[in-house]
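These notes are about the structure you will find just below.
Here, each number is a calculation from the coordinates, and none is a lab measurement. Predicted, not measured: the structure shown is a model, and the values here were computed from it. Every residue, glycine among them, receives a Cβ derived from its backbone with ideal geometry; neighbour counts consider all protein chains shown.
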Amino acid sequence: MSHTSKNSLADNIDINSQSAAYSESYFDALYNDNSDPWQYQTRWYEKRKRDICLAILPQSQYNNAIELGCGNGVLSELLAQRCLTLVSIDGNQRAVQLAKARLAEVSHVKVIQGVIPNDLMTLKDTFMEAYPLSNDTSTNKPPFDLIVISEILYYLSPNDIDTVIAWTQQNLAIGGTLLCCHWRYAIDGFTMTGETVHQRLNDAFNFANNEKHQIAFNHQSQIIDSDFLLDVWQRSPSSVAMQENLI
């Protein structure tokens, strides 16, 4: 999902009481008679941002990846080239249909409909048996070595953002990568922005890193673009140079 629609469905909304129904109607309106509401396929802004996200990933290949808020699957199609398996999830029915059509010939990608964060809590139970992401399904190891969260968290309440953060801490494998990218400007009808979202992410991981029982989320990369923020964390102390024995 993304950001660039400036049409508000509600000029006066209390974000603290914002309902899931509001968010659902917001995206239903965007996808109404429009297969690419943010012009992912035609805007240079979107292509440039995708290229930067892909280039900054600290590993060339990942085993098991998940993308939260896949929209119509344009980024998913590119991520699939870097992953052995990929789960792409979105809450909007039309977006999921479009993503499934785009990725129909890519057998190692599974597109599912689910509301974030609620359906993340049951993802493993409802999905892993039908589409195992690991050769070793008998353990309780975190299943994903890449989690991509792009242009979605500012549509959630602060409490739901915290739920997603906790989920990433539980589900990112040792040595894995978390990539988060968000538009910096205000979005009509929502109070969270990329600035507040990424500050919340940084605060949460800094706090977790101070807890001795936690495996640190090391801040691998940060890009502060005029238009978007991009942060990459790894559950590993190794930089790219360290991984290639340059240091």
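Okay, here's what the table says:
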{"item": "About the Cα centre, charge dipole magnitude for region 170-235 (Lys/Arg +1, Asp/Glu -1 at Cβ), debye", "result": "300"}
{"item": "Inter-part distance where region 23-55 and region 189-247 are each reduced to a Cα centre, Å", "result": "24"}
{"item": "In sequence order, calculated HN-Hα J values of region 161-175 (Karplus, 6.51, -1.76, 1.60; Hz; x Gly/Pro)", "result": "4, 4, 5, 5, 4, 4, 5, 5, 5, 8, 10, 8, 5, 4, x"}
{"item": "For Gly176, distant residues with modelled amide H under 5 Å away", "result": "Arg235"}
{"item": "Region 146-159 - phi-based ³J(HN,Hα) in whole Hz, Karplus 6.51/-1.76/1.60, Gly and Pro as x", "result": "8, 10, 10, 10, 10, 6, 9, 5, 6, 8, 9, 6, x, 5"}
{"item": "Vicinal HN-Hα couplings computed from phi for region 88-105 (Karplus, 6.51 cos²θ - 1.76 cosθ + 1.60; Hz; Gly/Pro x)", "result": "10, 10, 8, x, 8, 4, 5, 4, 5, 4, 5, 5, 4, 5, 5, 9, 4, 8"}
{"item": "Prolate/oblate/rounded label for region 171-247 (Cα gyration tensor, a/c 1.5)", "result": "oblate"}
